[in-house]
1. Could you list, in sequence order, all residues of the stretch 69-83 that are in contact (Cβ under 8 Å) with a residue 40 or more places away in the chain and not in a helix (DSSP H, G or I)?
2. Can you confirm whether Leu145 is over 19 Å from Asp300 (Cα atoms) and in contact with a Leu (Cβ under 9 Å, 6 or more places away or on another chain)?
3. Right, Asp96: modelled with pLDDT under 90, within 29 Å of the chain's Cα centre (by Cα) and open to solvent by 20 Å² or more (accessible area, probe 1.4 Å) or not?
4. Just to be sure I understand, how many residues within the stretch 10-27 are within 15 Å of Pro64 (Cα to Cα) and touching an Asp or Glu at 6+ places or on another chain (Cβ under 8 Å)?
5. If we scan the stretch 214-232, do we find a residue that is of a type in the set (Lys, Arg), in contact with a Cys (Cβ under 8 Å, 6 or more places away or on another chain) and either in contact (Cβ under 8 Å) with a residue 12 or more places away in the chain or open to solvent by 30 Å² or more (accessible area, probe 1.4 Å) (or both)?
6. Please give the number of the condition Tyr189 fails out of (1) touching a Cys at 6+ places or on another chain (Cβ under 9 Å); (2) within 18 Å of Val320 (Cα to Cα); (3) open to solvent by 40 Å² or more (accessible area, probe 1.4 Å).
7. Taking into account only those residues within the stretch 124-157 that are touching a residue at least 60 places away in the same chain (Cβ under 8 Å), assigned to a helix (DSSP H, G or I) and under 16 Å from Ala225 (Cα atoms), which is most open to solvent (accessible area, probe 1.4 Å)?
8. Could you check Pro54 against (1) at pLDDT below 95; (2) assigned to a loop (DSSP other than H, G, I, E, B); (3) touching a strand residue (DSSP E or B) at 6+ places or on another chain (Cβ under 8 Å) and say which number it fails?
Amino acid sequence: MKSDPVACPLPRILIVDDDPGTIRLLAQILKDLGKVYFTTQSMEALTLAQSISPDIILLDIEMPGLSGLEVCERIKSDPKFEDVPVLFVTSNVGVDVEARALTGGAIDFIHKPPAAALVKARVRNYLALKQKTDQLKMLSMLDGLTGVSNRRAFDKALAEEWRRAVRMGHSLSLIMLDVDHFKRFNDAYGHQAGDDCLRAVATTIKESVKRPGEMAARYGGEEFAVLLPNCSLDHALALAEIVRSSVEALAIPHGASDACTLVSISCGVAHVCAPIKTNDELPNITLNLRQAALDSTATDLVHEADKALYKAKTNGRNRVETAQLTLRNDVDQQHGG
């Protein structure tokens, strides 16, 4: 019996027009192509776009208040919308207006009154293009050998999570992992066995990372990274130990290792915490913590995790060591902490 294909989420279509009649007509035309969202307000369009992450936007060029051109420019200024097609719906066919719209990020036009066949064909084609673009972008973020996220994806996620941690006062943990004596393993068992080993280790790491927002990535060579947003140091240490023991439990022989007779990993854990405090007696703590965080960088977190990993290797490998990037020391000292 053939299994059912995995259901793909419906494309999200956002229609922005101050004329409810045009919205109803376009929604009727496009109802079979995806899930339709709509608004008659320019400012609400910006909020709705952030909320639903549309796959395509049909935007009236002449809106009261914030114009369609301004809405388009604001949406396109956000990197996450750079690949979202914007089609202007307009009765104005002037060359100057269309040129400005294209310069502002629009990809095409639908002229009023909308012709059903043309609207449907255009939207279908651009949705197909968006899907292919998304697939290529996803592939560009995966490591070809192991199937986990690659260094490019990790760097992007780390920058985003660092900014969020600073903005929200959340903690952020990072585990750097290295396969012990991997060069010796390659020399002893061959590069094909080495590739199989890295794939097995990567799968084990990925299966251990379960909370939303957590990321397992191949950092380079035999080194991997696990990014843990809003995660305590204790949880990060516990997870690192789970990964370490799970890799050892794979029972892949490694007779050339000094650390273990099986393939093993060394782990370095770094943690940063910038909690927002609201104690009325210490009104400047939040600002001071945030400034301390801004004075540090995401690179510092990686550096601390690397130092902890080096300590794990120095202390015999096949173990977990930690380092903590502290943002509160200066503040605590200022207030006698």
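1. Asp83
2. Criteria met by Leu145.
3. It is false that Asp96 is modelled with pLDDT under 90, within 29 Å of the chain's Cα centre (by Cα) and open to solvent by 20 Å² or more (accessible area, probe 1.4 Å).
4. Adding up the residues that qualify gives 4.
5. no
6. Looking at each condition in turn, Tyr189 falls short on (2).
7. Among residues in the stretch 124-157 that are touching a residue at least 60 places away in the same chain (Cβ under 8 Å), assigned to a helix (DSSP H, G or I) and under 16 Å from Ala225 (Cα atoms), the one most open to solvent (accessible area, probe 1.4 Å) is Arg151.
8. Exception for Pro54: condition (1).
The values are calculated or read from the model by the stated rules, or taken from the named source; none is laboratory data. Computed from a predicted structure; not experimentally measured. Heads up, the Cβs are rebuilt from the backbone with ideal geometry, glycines too, and the neighbour counts pull from every protein chain shown. Surface areas here come from the heavy atoms of the whole protein model, side chains and all, with no ligands, DNA or RNA. Shrake-Rupley method; radii C 1.70, N 1.55, O 1.52, S 1.80 Å.
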